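Encoded as structure tokens, the structure appears first; notes follow it.
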Amino acid sequence: HWYPLAYETSYSYDGTTTTMSWTHRNVSFNEQVDDETFSFEPPEGAELKETTTPDMTEFDSVSAANEATAYEVVEPDMPDGYTVESIQEMVIDGTSTTSLSYRNGDKGAYYSVSNESVSSESAAGSDGESVTIGNTTGTVNSYGETTSVRWSCDGMRYSLGGQLNQSTLVEAASAVGCP
């Protein structure tokens, strides 16, 4: 049936290697499944809510994104070698987020701007290191090899991250600042 019944994966982080193994036992293929298995009876008092998938739009350029969005997408000043790989807008319940993904060989970076109404404090977040982004304040966090900086301005939320060091990210984000 070409289905893996056992597999193992390993990863290393900070000098420590972790290995995980999975083994499936008592496996049967093409067994008859009772229709009742897939029937769901919501508990009494439960409210059924329907959700919609986000509206996604791809753009060929930042200028095309600017023409289509109600806000300006100001690009960060990315280091040499980083080129825009994709530009997308996602709209969920009236909140629009435009994302740019960058690539430089095997390294990637991402930038997003959103019209989600937030205060400067909640967009920057309380955890992480406080940094100056142009004429506003942001927060830097690192997760393994990825570093990100978040900031807000005039109700807009911004984020820039990737496999770049903190000073490079802050410098790139400062080109956006608080437009």
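The values are calculated or read from the model by the stated rules, or taken from the named source; none is laboratory data. Quick caveat, the model's predicted, so the values are computed rather than measured. Don't worry about glycine lacking a Cβ; one is built from the backbone with ideal geometry, like all the others, and counts go over all protein chains shown. Surface areas here come from the heavy atoms of the whole protein model, side chains and all, with no ligands, DNA or RNA. Shrake-Rupley method; radii C 1.70, N 1.55, O 1.52, S 1.80 Å.
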Discussion item. Condition first: part of a strand (DSSP E or B) and open to solvent by 60 Å² or more (accessible area, probe 1.4 Å). Can you find one or more residues in the range 89-96 that meet it?
Written reply: yes
Worksheet item: Got a number for residues in the range 3-32 being in a loop (DSSP other than H, G, I, E, B) and either open to solvent by 100 Å² or more (accessible area, probe 1.4 Å) or of a type outside the set (A, V, I, L, M, F, W, C) (or both)?
Response: 11
Discussion item. Checking P54 against (1) under 30 Å from G138 (Cβ atoms); (2) open to solvent by less than 100 Å² (accessible area, probe 1.4 Å); (3) at pLDDT 90 or above, only one condition comes out false. Which one?
Written reply: (3)
Discussion item. If I ask for residues that are assigned to a loop (DSSP other than H, G, I, E, B) and more than 9 Å from E89 (Cβ to Cβ), which ones from the range 50-72 would you list?
Written reply: E50, T51, T52, T53, P54, D60, S61, A70, Y71, E72
Item to complete: Can you work out which of the residues in the range 127-141 that are touching a strand residue (DSSP E or B) at 6+ places or on another chain (Cβ under 8 Å) and open to solvent by 60 Å² or more (accessible area, probe 1.4 Å) is farthest from G177 (Cα to Cα)?
Response: D127
Worksheet item: Given the conditions (1) farther than 15 Å from R150 by Cβ; (2) surrounded by 10 or more Cβ atoms within 10 Å (Cβ to Cβ); (3) touching a residue at least 12 places away in the same chain (Cβ under 8 Å), and given that A70 satisfies all but one, which numbered condition is not satisfied?
Response: (2)
Response to the item:
Selection from the range 135-169 of residues in a loop (DSSP other than H, G, I, E, B) and not hydrophobic (A, V, I, L, M, F, W, C) yields N135, G144, E145, D154, G155, Q163, N165
Worksheet item: Which condition breaks for T97 when tested against (1) within 18 Å of the chain's Cα centre (by Cα); (2) at pLDDT 90 or above; (3) over 25 Å from S63 (Cβ atoms)?
Response: (3)
Worksheet entry | Pairs, first over 20 Å from G138 (Cβ atoms) and hydrophobic (A, V, I, L, M, F, W, C) in the range 92-116, second open to solvent by 30 Å² or more (accessible area, probe 1.4 Å) and outside any strand (DSSP E or B), C-beta under 6 Å, six or more apart | I92/P54
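Conditions (1) touching a Lys or Arg at 6+ places or on another chain (Cβ under 6 Å); (2) touching a residue at least 24 places away in the same chain (Cβ under 8 Å), marked per residue:
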{"residue": "T137", "(1), (2)": "no, no"}
{"residue": "D154", "(1), (2)": "no, yes"}
{"residue": "S159", "(1), (2)": "yes, yes"}
{"residue": "E171", "(1), (2)": "no, yes"}
